[in-house]
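Please read the structure below before turning to the comments.
The values are calculated or read from the model by the stated rules, or taken from the named source; none is laboratory data. Nothing here was measured: the structure is a model prediction, and the numbers come from that model. Counting neighbours? That spans all protein chains shown, and the Cβs are built from the backbone with ideal geometry, glycine included.
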């Protein structure tokens, strides 16, 4: 019995890590693709809106099939789906793009990616899940690695308004990991992703309609490092790969690994973004950035060792119910 349990736990860990890396890599591709579109005349908000709405359209048929006609699941989980769409999707991206409009992209990204620390703090304060020494050490290594990967330079200035928006993006990113692990045990991950993306996309359109963010797009060709394409292949890839695939695999990974470990594995998105930027935009990573990537991976390993030595962690639904530890799809 113990062997079967250990094998099941090992399989869940393996599957969760594969899904988490797939999610992080998919998210990492979004930056270079979006940069190409913005260089062609698209506004950032338009890129985000079409990205999440295309993802919602791609996932809706699958989500409807996974519901099996049990529409009451939407009603029972309306709070979770709405919170996921407004906080994890629309709120996070709106806050991030408002931050980069007022401060350096590297600083804004670094602040947002301190989200794992916020996750650990939330689980500690809200659910008394005190982090162990290994978790703290892994967090320190991961954040140190992020400093090196982003390679912050001296002479940068910081806008206090931009800092506030970046902190809001960090809270939204932390909410993504916490909310991805929640539910009443019956809501398929595809339904959460599709519903959240649809609500988030509509929220972005509403924000554009009232003038919070500019919405404009062009049909100009999109130029990358060694090739030029029409506008629609990057848009299609943004919707299907960097949103639909990224969100679904991220939710599945978080439900297998837990929000704390999944949030640390997701730090590899920064390294993936560097690789894609190198391939598509010619922005070759420097040696110090590669060293930072190694530190991030070491930090993830250290956090995992801490998780193995810690007591079992329960996840909680928004209503305060303790959820079982079974995978959900």
**Prompt:** Restricting the range 192-215 to residues that are part of a loop (DSSP other than H, G, I, E, B) and more than 25 Å from the chain's Cα centre (by Cα), which is nearest to residue 66 (Cα to Cα)?
**Reply:** 210
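Table: residues versus (1) under 30 Å from residue 283 (Cβ atoms); (2) under 18 Å from the mean Cα position of the chain (by Cα); (3) modelled with pLDDT of 70 or more.
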site: 99; (1), (2), (3): yes, yes, yes
site: 102; (1), (2), (3): yes, no, yes
site: 112; (1), (2), (3): yes, yes, yes
site: 120; (1), (2), (3): no, yes, yes
site: 132; (1), (2), (3): no, no, yes
site: 135; (1), (2), (3): no, no, yes
site: 147; (1), (2), (3): yes, no, yes
site: 154; (1), (2), (3): yes, no, no
**Fill in**
residue 28 vs (1) assigned to a helix (DSSP H, G or I); (2) over 16 Å from the mean Cα position of the chain (by Cα): all pass except (2)
**Item:** Residue satisfying condition, being in contact with a strand residue (DSSP E or B) (Cβ under 7 Å, 6 or more places away or on another chain) and either more than 30 Å from residue 230 (Cα to Cα) or touching a residue at least 40 places away in the same chain (Cβ under 8 Å) (or both), within set 33, 37
**Value:** 37
**Message:** I need the full set of residues from the range 62-77 which are touching a helix residue (DSSP H, G or I) at 6+ places or on another chain (Cβ under 9 Å) and either outside any loop (DSSP other than H, G, I, E, B) or surrounded by fewer than 17 Cβ atoms within 10 Å (Cβ to Cβ) (or both), in order please.
**Reply:** 62, 63, 64, 65, 66, 67, 73, 74
**Asked** Does the range 259-266 include one or more residues that are out of contact with any strand residue (DSSP E or B) (no Cβ under 7 Å at 6 or more places or on another chain) and not in a helix (DSSP H, G or I)?
**Response** yes
**Prompt:** Out of (1) within 21 Å of residue 245 (Cα to Cα); (2) at pLDDT below 85, what's the single condition that is false for residue 60?
**Reply:** (2)
**Asked** Which condition breaks for residue 56 when tested against (1) touching a residue at least 40 places away in the same chain (Cβ under 8 Å); (2) more than 17 Å from the chain's Cα centre (by Cα); (3) under 12 Å from residue 191 (Cα atoms)?
**Response** (2)
**Prompt:** Do we find a residue being modelled with pLDDT of 80 or more, outside any helix (DSSP H, G or I) and touching a strand residue (DSSP E or B) at 6+ places or on another chain (Cβ under 6 Å) anywhere in the range 230-250?
**Reply:** yes
**Asked** Being buried (at least 23 other Cβ atoms within 10 Å of the Cβ) and within 20 Å of residue 48 (Cβ to Cβ), is that true of even one residue in the range 209-221?
**Response** no
**Message:** Which condition from (1) within 21 Å of the chain's Cα centre (by Cα); (2) modelled with pLDDT of 70 or more; (3) more than 17 Å from residue 176 (Cα to Cα); (4) surrounded by 15 or more Cβ atoms within 10 Å (Cβ to Cβ) is the one that residue 107 breaks?
**Reply:** (2)
**Complete:** Of the conditions (1) in contact with a helix residue (DSSP H, G or I) (Cβ under 8 Å, 6 or more places away or on another chain); (2) under 22 Å from residue 263 (Cβ atoms); (3) at pLDDT 85 or above, the single one that residue 30 does not satisfy is (3)
